[in-house]
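Structure first, then comments.
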Amino acid sequence: MENIVIRSLCERRSVRKFQPRQVDEATLKEILRAGTFAATGMNRQAPLIVVIQDPEVRETLRKMNAQIMGTPDADPFYGAPTILLVLSDPEVRTHVEDGALVLGNLMNAAHALEVDSCWIHRAREEFASEEGKRLLAEWGIDARYVGIGHLAIGYRDCPYPEARPRKENYIVRV
């Protein structure tokens with residue numbers, strides 16, 4: 001009998017076109033809760049999760065991210081109404097790995113709750129900038145925090161992506 005957790009992990013895909021409707025609050029809370037239970041080095045819990053649903057703040061991040069990407073008119077968040085930004089404390093040696101695990105938990109929890117997602121990069125560059133530092137100050141977050149990644153979440157407005165074949169040499173046994 002196939003395990004439901006394993007099946008969910010194997011079936012999750014990144015979605016790149018979202019409906020404008022927000023994820024309901026109870027579902028969002030469950031996704032966020034799962035993110036806070038990600039493994040972290042020595043349980044230091046270096047990451048922070050910032051929930052962005054305000055259209056103006058989302059637009060600010062869209063512009064910043066698109067500019068870094070080199071396509072200023074693009075929407076790197078694919079229309080997702082909610083962005084979960086993961087930041088981490090660089091004074092913790094495992095801050096990048098810890099933040100990546102939080103993003104992984106968020107993606108897998110979203111999928112398990114029938115919410116779609118896509119990990120978006122360039123958060124590091126966004127929050128190393130003066131505008132990024134200004135946003136951190138506005139949000140009451142210490143300026144030392146660095147961007148790890150964004151998770152665009154919502155409900156897809158496209159067919160569910162097919163899994164690509166796994167490469168032959170993915171696993172090496174020694």
Problem - Lone unmet requirement of (1) within 19 Å of Gly132 (Cβ to Cβ); (2) open to solvent by 30 Å² or more (accessible area, probe 1.4 Å); (3) not in a strand (DSSP E or B) for Leu48 - result: (3)
Exercise for the section: Determine the pairs where a residue that is over 13 Å from Asn108 (Cβ atoms) and modelled with pLDDT of 95 or more, located within region 30-43, has a partner that is among the charged types (D, E, K, R) and exposed (fewer than 15 other Cβ atoms within 10 Å of the Cβ) with Cβ atoms under 7 Å apart, the partner being 6 or more residues away or on another chain. Expected result: Gly41/Arg93
Practice task
Just give me the residues in region 92-102 being touching a Gly at 6+ places or on another chain (Cβ under 8 Å) and either open to solvent by 50 Å² or more (accessible area, probe 1.4 Å) or without any contact (Cβ under 8 Å) to a residue 60 or more places away in the chain (or both), in sequence order.
Solution key: Val92, Arg93, Thr94, Glu97, Gly99, Ala100
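Which of the residues belonging to region 64-95 are among the acidic types (Asp, Glu) and more than 18 Å from Ser117 (Cα to Cα)? Spell out the reasoning first.
In the first step, residues of region 64-95 are kept if they are among the acidic types (Asp, Glu); the result is 73, 75, 89, 91.
Those that are among the acidic types (Asp, Glu) and more than 18 Å from Ser117 (Cα to Cα): Asp73, Asp89, Glu91.
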Exercise for the section: Return only the number of the condition from (1) more than 22 Å from Glu131 (Cα to Cα); (2) acidic (Asp, Glu); (3) crowded, with 17+ Cβ neighbours inside 10 Å that Asp89 does not satisfy. Expected result: (1)
Practice task
Could you tell me whether Gly35 is in a helix (DSSP H, G or I) and either closer than 18 Å to Trp139 by Cβ or among the acidic types (Asp, Glu) (or both)?
Solution key: yes
Practice task
Can you tell me which residue within region 1-32, out of those that are in a loop (DSSP other than H, G, I, E, B) and of a type in the set (A, V, I, L, M, F, W, C), is most open to solvent (accessible area, probe 1.4 Å)?
Solution key: Met1
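The values are calculated or read from the model by the stated rules, or taken from the named source; none is laboratory data. Quantities reported herein were computed from a predicted structural model and do not represent experimental measurements. Cβ: placed from backbone, ideal geometry, glycine included. Neighbour counts: every protein chain shown. Ligands, DNA and RNA are stripped out before the accessible areas are found, and what is left, the full protein with its side chains, is counted by its heavy atoms. Shrake-Rupley method; radii C 1.70, N 1.55, O 1.52, S 1.80 Å.
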